[in-house]
1. When ranked by the protection proxy of mean other Cβ atoms within 10 Å per residue, highest first, what sequence do the peptides 42-49, 126-133 form?
2. Any idea how far the Cα center of the stretch 59-135 sits from the one of the stretch 10-36, in Å?
3. Give the Rg/Rh ratio for the stretch 99-184, taking Rg as the radius of gyration of the Cα atoms and Rh as the Kirkwood radius, to two decimals.
4. Residue separation times 0.36 nm, minus the C-alpha to C-alpha distance between residue 53 and residue 27: what's the value?
5. State the extension gain, in nm to one decimal, for the chain segment bounded by residue 145 and residue 129, taking 0.36 nm per residue of separation less the distance between their alpha-carbons.
6. What ranking of 150, 79 emerges when the number of other C-beta atoms within 10 Å of each C-beta is taken as an exposure proxy, fewest first?
7. Principal axis extents for the stretch 1-126, Cα atoms only, whole Å, descending order, please.
């Protein structure tokens, strides 16, 4: 099964929802999605689709990867949005789990899948003694072999074994009437690394730097659309602090703020980035840049105001 087939099996009307786009855009998105084999890249494409649908459903005309000539290079921002008679650039950024978290998650999925292939009418719960284990320290085959040997002796409810000082398996049902083992998995804890937002080498800064010349050339507003995967341990409060700084009273956020630690007050960012639209837990939250040079029109500021945090000055 391809990534696309796997995804649409859980979203039955996915292709119907794409009909909100014009025909060429639909075909281009489907072509890219169907040929993508890397899961992280595939999810990034899905995120681009979701933000495009959001804008289109709110009355915008959307153009996917419209080509622009910028000095001696060509650029294709994810979306060019026309809303309330104003055109602005809209780039999508998805923060997936960190590489080390993803490796642990992948290891866990493979372990659960391998256990489910073992013979036995048991329902087994899996837990980790150290949730932040290094994948390279363990062999999946060795764990499964040891567990298979353990199952070769009849087990009863409550029996438990810890393998390699980290992987604990507990029988929570000893008679499932199934031929192979059922398993209840462990959700890894996440190493929260806010540097993924705040580092000068973060994808956020790279996006702004990448399109700075295009923004200068066209004088168009620029909005970054950010999707946070709940598995990466960051949330809307982290985004707020990243953009506005760590302030005691969120109601004072305005173009007159004296706080300079947030991204919106960075001299290399504030004149380019006009706002950030966050998608988190299926909710959209818009963080406005209150810099007086914000290029978004009054009508579009009013539009995004509907999605502002409830306790943020608007």
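Derivation of every value follows stated rules applied to the coordinates shown; laboratory data play no part. In this text the structure is predicted, and so the values were computed from the model without any measurement. Positions of Cβ are backbone-derived with ideal geometry, glycine not excepted, and every protein chain shown enters the neighbour counts.
1. Numbers: 42-49: 20.0, 126-133: 14.4.
Packing order, densest peptide first, comes out as 42-49, 126-133.
2. 18 Å
3. Numbers: Rg = 12.6 Å, Rh = 13.1 Å.
On the Cα set of the stretch 99-184, Rg over Rh gives 0.96.
4. Working: separation 26, 0.36 × 26 = 9.36 nm, distance 1.49 nm.
So the chain would gain 7.9 nm between residue 53 and residue 27.
5. Values: separation 16, 0.36 × 16 = 5.76 nm, distance 1.94 nm.
Result for the pair: 3.8 nm of gain on full extension.
6. Numbers: 150 17, 79 24.
Going from least to most buried by this count: 150, 79.
7. Here the Cα extents, ordered largest to smallest, are 64, 34, 24 Å.
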